[in-house]
Amino acid sequence: MADEPELRCPSCTTVARSGDRHCGACGTALSAEAAQSEIRRQVTIVTSDLKGSTALGERLDPESLREVMTTYIDEMRAVFEGHGGTIEKIIGDAIVAVFGLSTPREDDTLRAVEAAAESQRALVSLNDRLEQTWGVRLTVRTGVASGDVVVGEASAGQHVLTGPTIAIATAMEQSAPAQEVLLAESTYAVLGDRIDVEPMGAVRPKGGSTEIATYRLVAVPEHVATATATGAETIGRLCQTCGDDNPESHRFCRTCGAELRERAAVRDTRKTVTVVFADPKPTTADGSAPSAEGLRDVMSRYFGGMQRALEGHGATVEKFIGDAVMAVFGLPVRHEDDALRAVRAAADMQRALPELNAAFEAEHGITLQNHIGVNTGEVVAGDASLGQRLVTGDTVNVAARLEQAAGAREILLGDLTYRLVRDAVEVEAVEPLTLKGKSDPVPAYRLVKVSRVGDAVRRRSDTPMVGREEELSALAALLARAVDERVCRMATVFGDAGVGKTRLIREFTTAAAREALVIHGRCLPYGDGITFWPLREAVREAAGIGAEDGMEAALARLHARVPERAVADRLASVIGLSQEPFPVPEVFWGARSFLEGLGQERPVLLVIDDIHWAEATFLDLVKHLVEAVAGAPVLVLCSSRHELLERNPEWATDGGSLRLVLSPLTEADAGRIVEGLLGGTGIAPAVQARIVQAASGNPLFVEQLLSMLLDEGALVREQDRWIQVGDLARLDVPPTIKALLAARLDLLDHEERGVIEPASVVGQ
C-alpha cells in the first residue's frame, strides 16, 4: 500500500496528523471543508440545579453565600470529574457536566449515571456540614440524557453545545423530584438492566413536540469502570473549546483551531457587575416542533449574532449551552459605565433579531423571541480569564428571574441597573415582580429606549459654579491669544472623574459662544470606527446634520457648510457619508482646512471631551491642528483624566498649549455646592460637614451623596430646613461612585491591586 501523502499546514508548513482539521502550531484550517464542518460528539449530559438559591441569597451575605456555593460546587466537581466527566458550565447555581466530550469511553453513560447518583449521596453529608456552619441546607434536582451534540463551529470564540440532548437533559432536571435523579429514555436505553429504575411520567422538553419517557434512578450496582478511552491517545493538552485532546507541543487545537490555554488557580474577588440573561424561545408558524437540523443552524447563527452584540460592548460571554445566553459586564475589568454598556448591548441584541428572524423563517420556518433580563449587584467571582468562570451571588439569580418574567422581545432592568443608567434610558415602570425565592416584590423597569452616546448619570448644571475662577480666566486669556494671533491654541483640563472638568468647560463655552462658534466632539471608550469619532461629531454639529437626516440631506448640508469639494469629500468619508477611503494625512489636511474655513467667519472653539480615551491617531491629529492651522483663530479645548499624562507625559507642553490640573475643592467651596443643590434651603451644619468630609472636595461625590440621602429619606424637608433622619456617622457609598472607584482599581496591575484593595477607603 502506498504511503499517504504528507499533510502540511498551508500557512506555516508544519506537518499535521491525518484526520486533523486545524494546524496545532498556528491554528489554520487545513481545508475549507474542515473549517466549515461541524464537530459532533456522542455524549451523556448531567444537569444539576440548586433550587431555592434566590432565597439563599437573601439569607446570607455575599461572602457566606460564596463559601456555601464554593463548597457545594467543589464537592460536585470532584464527583463528576472523578468519574471522567467534563464540567461544561458553572453559572450561579447550575452545573452541567458532559461525559464523552473530551475522551470517549465505552462506559461514559454508566459513568454519568454513577456520578449523578454519587452527587446525591455526597449532598447528604455536605448538607450536614452546611447546616452546622451556616444553618442552611441545599436542595438539588438532577437530570441525565444521552445523545448527539454539536460542538460550536471551528471559528466560534465561545464554547457552543447545541442539539436536542441539551434540552432533554434540562427537562429531566426540571422534572426531577427533589434530591433525586431523573433519566431520559435515551440514557435508560443504553444501560437497561445495569441500573435499577422506576418508570415515571412522560415529559415534553421546552420547544419540543415529542414526549420523552422518564425513569427515576433507584440504584446503580457497582461495576469496574473502563480505564482507557476507546481509540484515544493519552491526553496531552485538553482543548477548553471543543474538549479534544492534543499533543503537548500544540498551541492550537487540531480539531477546532482554538488556542490552547492552561488552567490557572482561581483568585476569588468581590465585584459589582451587571449580568445579562437572554432566552430566545424558538417558535414555528404552525406550532409544530422545529426540526433538529433547522434548530441547530438557527441557534448557532443566533449565538453568533448575540455574541457580536455583547462583546462589541465589552462583555465577558459565558459558554453557550442549550439555548441560554449569559454575559457579565465587569469581568475581568470593571468600567464605570458597565451597567450602561450592558443595557446598550441588550438593546443591540433585540435590534439584531429581526434580520436574523427573517432569514430563519425563510429557511427553516422558525422565529426567535428574545426575553432579556439585566441586573446589577455584587457577586463573588472567579478569574474570568479561565476557561471556567464562576459568578456567584443573588445578582445572578435575580437576572435570570428578570429574564423569565420578561415578555417576548422585552428587556427588564433591575432596580440598581436602572439607578445607574436612568439619565440615558427611557423606561416603563412595571408592577414589582414576585420572583421565585424572593420574600419581597422586586422593582423592575421595561426598557423603551437607550441613548447611543452620552453619560448614564446627568450632572446638575442649575447651580452656581464655585472655586474655579482662576481656571476660567486662564482659558479666556488663551482664547484671546488665538484671536489676536489668528492661530490654533490648545488647552487641556485634567482632573479625576467628578472633579469638575465638564462643568468648568461648560461655563467657559457658554460665555465664549457670544463671539465664537462652539462645536463639540467626544472620544468613546470602546467600539468600532471610533478613531475619528470626535471629528465626526464636530463636523456634523457645524454643518447642522441631525440624526434623522438621510444620506442625501446630510451631504447637502455638508457641502453647503464646506464648499471646497476636496475638503468635503475627505470629511464625508470620516463622518459616515461616503465609502471612499482616504489616507490618514489627507484626513488630517481635510480637518485642518475645515477649521481654517470656519475660522474665516468667527473664532472657533472645538471642545473634545474625554481625550484620555482617544486613539493614538486622533491624538496625532490634535497635535497637527495646533501646529498647522494658520490664518484662523481656533482654540481646541480638551478634557482628560490623568491617564493621558501617564501615556503621553509631553502632552500640551509646547508654548501654544495650556495645562489646567483641577484640584479638589476646599471644604468651604464644597459646602457652597451643598447649599446650591438644596436651592439655598438650610441644612444642619453637622450634616453638611459630614457630606463635605466624605466627598473630599469632589463635586460629583457631593452631588451623588446628597442625592442618595434625599432618595433614601435620610434627609427630609420641614418648612425651610432639611432635617436629618437616622444616623449619618457612616455614609454608604452611592453606586455611581463605587463604579468610578472600582474601574480605577481595575486599571492597576495585579500586584498593585493586591496592595491597594484591602486598604482602600472612600473619603474619610
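The values are calculated or read from the model by the stated rules, or taken from the named source; none is laboratory data. All values derive from a computational prediction rather than experimental measurement. In this analysis, Cβ positions are derived from the backbone assuming ideal geometry, glycine residues included, and neighbour counts consider all displayed protein chains. Surface areas here come from the heavy atoms of the whole protein model, side chains and all, with no ligands, DNA or RNA. Shrake-Rupley method; radii C 1.70, N 1.55, O 1.52, S 1.80 Å.
Of the strands (runs of 3 or more DSSP E) entirely within the stretch 442-551, those holding at least 2 residues that are within 28 Å of the chain's Cα centre (by Cα) occupy 444-450, 517-522. The residues of the stretch 317-355 that are of a type in the set (A, V, I, L, M, F, W, C), under 29 Å from residue 288 (Cα atoms) and open to solvent by 30 Å² or more (accessible area, probe 1.4 Å), listed by number, are 324, 352. For the stretch 438-470, a residue qualifies if it is at pLDDT below 75, within 25 Å of residue 703 (Cα to Cα) and open to solvent by 40 Å² or more (accessible area, probe 1.4 Å), and the qualifying residues are 453, 455, 458, 459, 460, 461, 462, 464. The strands (runs of 3 or more DSSP E) falling completely within the stretch 174-223 include none with 2 or more residues that are among the acidic types (Asp, Glu) and open to solvent by less than 70 Å² (accessible area, probe 1.4 Å).
In this structure, residue 98 does satisfy being at pLDDT 85 or above and either in a strand (DSSP E or B) or within 31 Å of the chain's Cα centre (by Cα) (or both). Check whether at least one residue in the stretch 545-562 is at positive phi, in contact (Cβ under 8 Å) with a residue 12 or more places away in the chain and in contact with a helix residue (DSSP H, G or I) (Cβ under 7 Å, 6 or more places away or on another chain), and report yes or no. No, because not a single residue in the stretch 545-562 is at positive phi, in contact (Cβ under 8 Å) with a residue 12 or more places away in the chain and in contact with a helix residue (DSSP H, G or I) (Cβ under 7 Å, 6 or more places away or on another chain). For the stretch 585-604, the count of residues that are closer than 17 Å to residue 626 by Cβ, of a type in the set (Val, Ile, Thr) and in contact (Cβ under 8 Å) with a residue 12 or more places away in the chain is nonzero. Report whether or not residue 514 is of a type in the set (Lys, Arg) and either buried (at least 21 other Cβ atoms within 10 Å of the Cβ) or in contact (Cβ under 8 Å) with a residue 24 or more places away in the chain (or both). No; evaluated as a whole, the condition is false for this residue.
Just to be sure, is residue 44 modelled with pLDDT of 70 or more, surrounded by fewer than 17 Cβ atoms within 10 Å (Cβ to Cβ) and of a type in the set (Ser, Thr, Tyr)? No; evaluated as a whole, the condition is false for this residue. Count of the stretch 569-584 residues, restricted to those that are assigned to a helix (DSSP H, G or I) and either touching a residue at least 40 places away in the same chain (Cβ under 8 Å) or not acidic (Asp, Glu) (or both), is 6.
Figure legend. Inter-residue proximity from the stretch 323-336: first residues farther than 30 Å from residue 168 by Cβ, second residues open to solvent by 40 Å² or more (accessible area, probe 1.4 Å) and modelled with pLDDT of 80 or more, beta-carbon distance below 8 Å, spacing 6+ or different chains. Indicated pairs: 329/335; 330/272; 334/272; 335/525. Residues in the stretch 600-617 that are at pLDDT 95 or above and aromatic (Phe, Trp, Tyr): there are none. Can you find, within the stretch 629-642, the residue that is farthest from the chain's Cα centre (by Cα) among those that are closer than 16 Å to residue 487 by Cα and either modelled with pLDDT of 95 or more or part of a loop (DSSP other than H, G, I, E, B) (or both)? Of everything passing the filter in the stretch 629-642, 631 is farthest from the chain's Cα centre (by Cα).
Considering (1) free of Cβ contacts under 8 Å to residues at least 60 places away in the same chain; (2) surrounded by 19 or more Cβ atoms within 10 Å (Cβ to Cβ); (3) assigned to a helix (DSSP H, G or I), the lone condition that residue 423 does not fulfil carries the number (2).
Residue-by-condition table, conditions (1) more than 20 Å from residue 660 (Cα to Cα); (2) among the aromatic types (Phe, Trp, Tyr); (3) buried (at least 22 other Cβ atoms within 10 Å of the Cβ):
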| site | (1), (2), (3) |
| --- | --- |
| 493 | no, no, yes |
| 507 | no, no, no |
| 520 | no, no, no |
| 529 | yes, no, no |
| 534 | yes, no, yes |
| 540 | yes, no, yes |
| 553 | yes, no, no |
| 561 | yes, no, no |
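Would you check if there is a residue in the stretch 687-704 being in contact with an Asp or Glu (Cβ under 6 Å, 6 or more places away or on another chain) and aliphatic (A, V, I, L, M)? Yes - at least one qualifying residue is present in the stretch 687-704. Identification of helices (runs of 4 or more DSSP H) wholly contained in the stretch 643-700 with 1 or more residues that are among the basic types (Lys, Arg) and farther than 30 Å from residue 619 by Cα yields 667-677, 685-695.
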